[in-house]
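These notes are about the structure you will find just below.
The values are calculated or read from the model by the stated rules, or taken from the named source; none is laboratory data. Every value quoted in this text rests on a predicted model; they were computed, and no experiment measured them. Cβ placement follows ideal geometry from the backbone for every residue including glycine, while neighbour counts extend to all protein chains displayed.
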Amino acid sequence: MKVILYNPQSTASRKRILPLSLLALGALIEGRHEYVIVDGNVEPDSLSALDGRVRDWGARVLAMTVMPGPQLSAAVPLARELKRRHPDLIMVWGGYFPTQHHEVCVRAPYVDYVVRGHGEASFLQLLDQLERGAEPADVPGLAFRANGEGIASNPMPSIPNPQELPDFPYDRVPVRSYSRESFLGKRTLPHHSSYGCPFFCNFCAVVNMVGGRWLPQSAERTAGVARYLHDQHGADAVEFYDNNFFVHEARTVEFAERIRDLGIGWWGESRIDTLLRYRPASWRAMAESGLRMVFMGAESGSDETLKRMNKGGTAAAEKTLEMAGLMRSYGIVPEFSFVLGNPPDPDEDTNQTIEFIRKVKRVNSRAEIVMYVYTPVPLSGDLYDAAVAEGFRFPQTLEEWVSADWSEFSQRQGARLPWVHTALRTRVRQFERVLNAYYPTVTNARLLRGPVCWILRTFSSWRYHLRLYALPLELRALEKVTGYQRPETRGA
């Protein structure tokens, strides 16, 4: 069966990110079905490219990986038009958005199947059954329109063990063209070395997909991939897109020791409480191997909010301060994410977290701060239940999801959050501008060594120290004059 694996355009700038999810699918169907990978971030005209593959190559299945936000906005009209042109084309969606909102997807007449969760094995099973002409009703994680019975949805598949999966078919894509300059190095490439996360934070979309399980590649195999990307594709840095890279200390240390001779930089995600348990020798091994930055969910400056988030062992803001100081001593940059505007009292929650971020910066001025406004995921818990009580509901159609208001929601911009008023969103944006002017991001080494840094810090210092964040017009003007690019806004 001929299959197109498609990655819809995910950013307006067409930022190239190696499509690891499609490579994971390709690795399993390699030699079983004919397939091509089409990347909307690379292809200048995805509709024409896909239309040609269906018309001239005879593709029978188009499988899309879909994230909320810009990728969903690109996927909906494209899928609708291709289904109009080719009614017999079998349209399969997978990824975070279809997993969380499978009923909305399957209700659309242009989506035939949704594969929920980690769907590598399920997707292969679906293709095999479709090729035989069988009804794929028993495929784990499959959602579809049942004849006369509404929408059917099978139980989620088990997480595959990445150690038992085949290597990615890197020859299917121009890997070197995906490398990019970053804080970590001049030629940064990604890898995904583990699946899942063993925690149950009730605001996190990962929980519904993995149910508290975490399965890794071995340290030896993970190091082998890093070495391959370095030797064959010129990578001098690797980003690990694992939901939680650092779960197992011994694995992390072994990996660090195996790549020390490469001289590469690397980055991954972790829990604060997990890393606080690491021994000093482990920290030294990670630092010496090139670990440059770790992304961690600090989430809030309020212990009460952390408890409502079900953050478990991280539910103490003081641990964030401890981590900021610890990482400063090893020369590794902490990248802390915060979720502001949480119900039931979003204003007080925001005020507490803004004050706490100031404390973090006093402990470690190099700490990177990423701010979001709380947006619900369909996962029962204190935060989601409070959102529903305030009148929140998700869209019921894909067309509503890609409307202007809900597209902003998907990017955590708060337009459809009843408890987050405009003044709160504005306050978060203004604080972010003043914060980033007074503490320019460490990820831009040129800026930190240049006069732009001095100018921004000088003009923002009075605002920052007096806590006067409103209407920072002079900072906006300076950013335009100096050409300073603030960190990508991930918050309000």
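Could you tell me whether any residue of segment 323-337 is surrounded by 20 or more Cβ atoms within 10 Å (Cβ to Cβ), at pLDDT below 95, within 23 Å of residue 442 (Cβ to Cβ) and of a type outside the set (D, E, K, R)?
no
Restricting attention to segment 25-53, which residues are under 21 Å from residue 163 (Cα atoms) and touching a Leu at 6+ places or on another chain (Cβ under 7 Å)?
25, 26, 27, 28, 29, 32
Can you tell me which residue among 104, 66 is modelled with pLDDT of 95 or more, β-branched (Val, Ile, Thr), under 19 Å from the mean Cα position of the chain (by Cα) and over 21 Å from residue 166 (Cβ atoms)?
The match here is 66.
Evaluate segment 54-64: report whether one residue or more is aliphatic (A, V, I, L, M) and farther than 16 Å from residue 91 by Cβ.
no
Enumerate the helices (runs of 4 or more DSSP H) found wholly within segment 237-345, keeping only those where 3 or more residues are small (Gly, Ala, Ser) and either in contact (Cβ under 8 Å) with a residue 12 or more places away in the chain or more than 24 Å from residue 361 (Cβ to Cβ) (or both).
Working: elements: 249-259, 272-276, 280-289, 303-308, 317-330.
It comes to 280-289, 317-330.
Of everything in segment 110-145, what is among the charged types (D, E, K, R) and either part of a strand (DSSP E or B) or within 27 Å of residue 85 (Cα to Cα) (or both)? Give them in sequence order.
If the condition is that a residue be among the charged types (D, E, K, R) and either part of a strand (DSSP E or B) or within 27 Å of residue 85 (Cα to Cα) (or both), then 112, 116, 128, 131, 132, 135, 145 are the ones that fit.
Look at residue 71 and say whether it is within 26 Å of the chain's Cα centre (by Cα) and surrounded by 21 or more Cβ atoms within 10 Å (Cβ to Cβ).
yes
Evaluate the following for residue 129: is it surrounded by 14 or more Cβ atoms within 10 Å (Cβ to Cβ), without any contact (Cβ under 8 Å) to a residue 12 or more places away in the chain and polar (S, T, N, Q)?
Considered against the rule, which asks whether it is surrounded by 14 or more Cβ atoms within 10 Å (Cβ to Cβ), without any contact (Cβ under 8 Å) to a residue 12 or more places away in the chain and polar (S, T, N, Q), residue 129 comes out as yes.
Can you pull out the helices (runs of 4 or more DSSP H) entirely within segment 1-86 that have at least 2 residues that are at negative phi and free of Cβ contacts under 8 Å to residues at least 40 places away in the same chain?
Because the criterion is at least 2 residues that are at negative phi and free of Cβ contacts under 8 Å to residues at least 40 places away in the same chain, the helices (runs of 4 or more DSSP H) in segment 1-86 that meet it are 46-52, 70-85.
Considering (1) over 30 Å from residue 111 (Cβ atoms); (2) free of Cβ contacts under 8 Å to residues at least 24 places away in the same chain; (3) not small (Gly, Ala, Ser), say which one residue 400 fails and leave the rest.
All conditions pass for residue 400, except number (1).
Specify the residue that is farthest from the chain's Cα centre (by Cα); the eligible residues are those in segment 33-57 that are crowded, with 17+ Cβ neighbours inside 10 Å and among the hydroxyl-bearing types (Ser, Thr, Tyr).
For segment 33-57, the residue satisfying everything is 35.
Go through 206, 225, 139 for me and flag whichever is outside the structural domain of residue 129 (by TED's automatic domain parsing) and at pLDDT 90 or above.
After ruling out the rest, the residue left standing is 225.
With the condition kept exactly as written, say whether any residue in segment 97-104 is in a helix (DSSP H, G or I), of a type in the set (Phe, Trp, Tyr) and under 21 Å from residue 23 (Cβ atoms).
The answer is yes; a qualifying residue exists.
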